Amino acid sequence: NQIFRPHPNECSGSDLDGDIYFVCWDPELIPYKQIDPMDYSPAQTTELDHEVTIEELAKLFSIAVDFPKTGVPAEIPQELRVKEYPDFMEKPDKPSYHSHNVIGKLFREVKNLAPNECSIKFLTREKMQRFYDPDMEVEGFEDYIDDAFFHKSNYDYKLGNLMDYYGVKTEAEILSGGIMKMSRSFTKK
(Lines give C-alpha, C1' and ligand atoms only; values in the text may rest on other atoms or scores of the structure.)
Protein backbone atom coordinates (compact mmCIF):
# COMPACT_ATOMS: atom_id res chain seq x y z
CA ASN A 1 0.00 0.00 0.00
CA GLN A 2 2.48 2.62 -1.25
CA ILE A 3 1.55 6.21 -2.11
CA PHE A 4 3.56 7.90 -4.84
CA ARG A 5 3.97 11.66 -4.76
CA PRO A 6 5.11 13.98 -7.56
CA HIS A 7 8.88 14.67 -7.50
CA PRO A 8 8.49 18.41 -6.73
CA ASN A 9 6.38 17.48 -3.71
CA GLU A 10 8.97 14.92 -2.57
CA CYS A 11 11.81 17.42 -2.96
CA SER A 12 10.39 20.53 -1.40
CA GLY A 13 6.78 20.22 -0.41
CA SER A 14 5.74 21.28 -3.96
CA ASP A 15 7.10 24.84 -3.61
CA LEU A 16 10.05 25.09 -6.03
CA ASP A 17 10.59 28.86 -6.04
CA GLY A 18 14.12 29.77 -5.05
CA ASP A 19 15.10 26.19 -4.16
CA ILE A 20 18.56 24.98 -5.21
CA TYR A 21 19.20 21.38 -6.21
CA PHE A 22 22.25 19.28 -7.00
CA VAL A 23 21.82 16.33 -9.37
CA CYS A 24 24.55 13.73 -9.76
CA TRP A 25 24.34 10.23 -11.18
CA ASP A 26 27.62 8.98 -9.73
CA PRO A 27 26.63 5.50 -8.49
CA GLU A 28 28.83 5.89 -5.40
CA LEU A 29 26.75 8.88 -4.27
CA ILE A 30 23.38 7.18 -4.73
CA PRO A 31 22.12 5.56 -1.50
CA TYR A 32 22.18 1.77 -1.64
CA LYS A 33 18.70 1.51 -0.13
CA GLN A 34 15.67 3.76 -0.03
CA ILE A 35 14.39 4.79 3.37
CA ASP A 36 10.68 5.16 4.00
CA PRO A 37 9.53 8.76 4.39
CA MET A 38 8.67 10.00 7.86
CA ASP A 39 5.07 9.93 8.99
CA TYR A 40 3.75 13.48 8.92
CA SER A 41 0.25 12.65 10.09
CA PRO A 42 -1.23 15.67 11.86
CA ALA A 43 -1.56 15.55 15.64
CA GLN A 44 -5.01 15.23 17.17
CA THR A 45 -6.82 18.53 17.46
CA THR A 46 -8.24 19.76 20.74
CA GLU A 47 -11.14 22.06 21.42
CA LEU A 48 -10.12 25.43 22.85
CA ASP A 49 -12.17 27.66 25.10
CA HIS A 50 -10.95 30.86 23.42
CA GLU A 51 -10.82 32.39 19.96
CA VAL A 52 -8.06 31.05 17.70
CA THR A 53 -6.14 33.77 15.89
CA ILE A 54 -3.01 31.85 14.93
CA GLU A 55 -4.61 30.41 11.81
CA GLU A 56 -5.57 33.86 10.62
CA LEU A 57 -2.07 35.14 11.39
CA ALA A 58 -0.54 32.18 9.52
CA LYS A 59 -2.60 33.05 6.44
CA LEU A 60 -1.48 36.68 6.69
CA PHE A 61 2.13 35.54 7.06
CA SER A 62 1.81 33.46 3.91
CA ILE A 63 0.39 36.47 2.05
CA ALA A 64 3.27 38.64 3.35
CA VAL A 65 5.89 36.11 2.23
CA ASP A 66 4.37 36.00 -1.26
CA PHE A 67 4.13 39.82 -1.51
CA PRO A 68 7.19 40.18 -3.80
CA LYS A 69 5.61 37.74 -6.28
CA THR A 70 1.95 38.73 -6.02
CA GLY A 71 2.05 42.39 -5.02
CA VAL A 72 -0.76 41.68 -2.55
CA PRO A 73 0.06 43.18 0.89
CA ALA A 74 -0.89 41.46 4.13
CA GLU A 75 -3.15 43.81 6.05
CA ILE A 76 -3.45 43.00 9.74
CA PRO A 77 -6.92 43.74 11.12
CA GLN A 78 -7.12 45.81 14.31
CA GLU A 79 -8.36 42.90 16.44
CA LEU A 80 -5.16 40.93 15.65
CA ARG A 81 -2.78 43.76 16.51
CA VAL A 82 -0.77 43.57 19.73
CA LYS A 83 -2.40 45.48 22.58
CA GLU A 84 0.23 44.89 25.28
CA TYR A 85 3.89 43.90 25.14
CA PRO A 86 5.79 41.71 27.61
CA ASP A 87 8.00 43.69 29.99
CA PHE A 88 11.19 42.11 28.60
CA MET A 89 10.65 43.95 25.30
CA GLU A 90 11.22 47.25 27.13
CA LYS A 91 8.74 49.37 25.19
CA PRO A 92 8.21 52.28 27.61
CA ASP A 93 5.85 54.09 25.23
CA LYS A 94 3.54 51.05 24.90
CA PRO A 95 1.28 49.22 27.36
CA SER A 96 3.10 46.24 28.85
CA TYR A 97 2.52 43.30 31.17
CA HIS A 98 4.67 41.34 33.63
CA SER A 99 5.74 38.25 31.65
CA HIS A 100 5.64 34.99 33.62
CA ASN A 101 7.39 33.00 30.86
CA VAL A 102 11.02 31.90 31.17
CA ILE A 103 12.29 34.79 29.07
CA GLY A 104 10.49 37.28 31.32
CA LYS A 105 11.93 35.70 34.46
CA LEU A 106 15.44 35.64 32.96
CA PHE A 107 15.08 39.26 31.86
CA ARG A 108 14.22 40.43 35.37
CA GLU A 109 16.99 38.33 36.98
CA VAL A 110 19.61 39.77 34.63
CA LYS A 111 18.25 43.29 35.03
CA ASN A 112 18.59 42.97 38.82
CA LEU A 113 22.18 41.72 38.51
CA ALA A 114 23.48 44.00 35.77
CA PRO A 115 24.08 47.64 36.61
CA ASN A 116 22.31 50.18 34.42
CA GLU A 117 25.53 52.10 33.98
CA CYS A 118 29.16 51.12 34.08
CA SER A 119 30.25 51.10 37.72
CA ILE A 120 33.89 51.82 36.84
CA LYS A 121 34.09 55.37 35.50
CA PHE A 122 37.89 55.66 35.61
CA LEU A 123 40.29 52.76 35.67
CA THR A 124 42.91 53.11 38.38
CA ARG A 125 45.71 50.84 39.53
CA GLU A 126 43.78 50.10 42.75
CA LYS A 127 40.66 49.07 40.83
CA MET A 128 42.72 46.90 38.49
CA GLN A 129 44.41 45.14 41.42
CA ARG A 130 41.01 44.15 42.84
CA PHE A 131 40.21 42.24 39.64
CA TYR A 132 43.71 40.91 38.98
CA ASP A 133 44.02 37.13 38.94
CA PRO A 134 47.64 35.90 39.24
CA ASP A 135 46.52 32.43 38.11
CA MET A 136 46.05 33.92 34.63
CA GLU A 137 49.74 34.82 34.31
CA VAL A 138 51.83 32.94 31.76
CA GLU A 139 55.58 32.76 31.57
CA GLY A 140 57.08 35.77 29.79
CA PHE A 141 53.97 37.95 30.11
CA GLU A 142 56.12 40.86 31.27
CA ASP A 143 57.46 41.28 27.72
CA TYR A 144 53.98 42.21 26.50
CA ILE A 145 52.77 44.57 29.21
CA ASP A 146 53.63 47.78 27.32
CA ASP A 147 51.90 46.52 24.15
CA ALA A 148 48.89 45.35 26.13
CA PHE A 149 48.62 48.68 27.91
CA PHE A 150 48.85 50.56 24.58
CA HIS A 151 46.14 48.44 22.93
CA LYS A 152 43.89 48.51 26.00
CA SER A 153 44.16 52.33 26.18
CA ASN A 154 43.40 52.60 22.46
CA TYR A 155 40.42 50.24 22.88
CA ASP A 156 39.07 52.23 25.84
CA TYR A 157 39.42 55.51 23.92
CA LYS A 158 37.57 54.20 20.85
CA LEU A 159 34.94 52.48 22.98
CA GLY A 160 34.36 55.70 24.94
CA ASN A 161 33.95 57.65 21.69
CA LEU A 162 31.38 55.16 20.38
CA MET A 163 29.47 55.20 23.67
CA ASP A 164 29.42 59.02 23.72
CA TYR A 165 28.44 59.29 20.06
CA TYR A 166 25.52 56.86 20.29
CA GLY A 167 24.57 57.62 23.89
CA VAL A 168 25.10 53.99 24.89
CA LYS A 169 25.64 53.19 28.56
CA THR A 170 27.58 49.90 28.52
CA GLU A 171 30.41 48.17 26.72
CA ALA A 172 28.26 45.04 26.39
CA GLU A 173 25.68 46.93 24.31
CA ILE A 174 28.36 48.13 21.88
CA LEU A 175 29.98 44.69 21.55
CA SER A 176 26.73 42.78 21.14
CA GLY A 177 24.91 45.35 19.02
CA GLY A 178 21.98 44.97 21.43
CA ILE A 179 21.61 48.64 22.24
CA MET A 180 18.95 49.07 24.91
CA LYS A 181 18.40 52.80 24.51
CA MET A 182 19.87 55.11 21.88
CA SER A 183 20.62 58.76 22.61
CA ARG A 184 17.72 61.05 21.66
CA SER A 185 20.09 63.40 19.84
CA PHE A 186 21.37 60.51 17.71
CA THR A 187 17.94 59.10 16.84
CA LYS A 188 16.81 62.53 15.57
CA LYS A 189 19.66 62.73 13.02
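The values are calculated or read from the model by the stated rules, or taken from the named source; none is laboratory data. Only a predicted model underlies this, so the values are computations on that prediction, with no experimental measurement involved. Using ideal geometry, Cβ is built from the backbone for each residue, glycine included, and neighbour counts are taken over all protein chains shown.
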>> Which count do you get for residues in segment 154-174 that are of a type in the set (A, V, I, L, M, F, W, C) and over 20 Å from Met89 (Cα atoms)?
In response: 3
> Which number in (1) modelled with pLDDT under 90; (2) under 30 Å from Glu51 (Cα atoms) marks the one condition that His98 misses?
Replying inline: (1)
> Does Glu84 fit the bill of being within 30 Å of Lys181 (Cα to Cα) and either over 27 Å from the mean Cα position of the chain (by Cα) or not small (Gly, Ala, Ser) (or both)?
Replying inline: yes
> List pairs: first in segment 135-154 and farther than 18 Å from Thr124 by Cα, second surrounded by 10 or more Cβ atoms within 10 Å (Cβ to Cβ) and at pLDDT below 95, Cβ under 9 Å, 6+ apart or cross-chain?
Replying inline: Phe141/Ala148
> Filtering segment 146-185 down to residues that are modelled with pLDDT of 90 or more and of a type in the set (D, E, K, R), which residue is nearest to Val110 (Cα to Cα)?
Replying inline: Asp156
> Taking into account only those residues within segment 146-186 that are among the basic types (Lys, Arg) and part of a loop (DSSP other than H, G, I, E, B), which is farthest from the chain's Cα centre (by Cα)?
Replying inline: Lys169
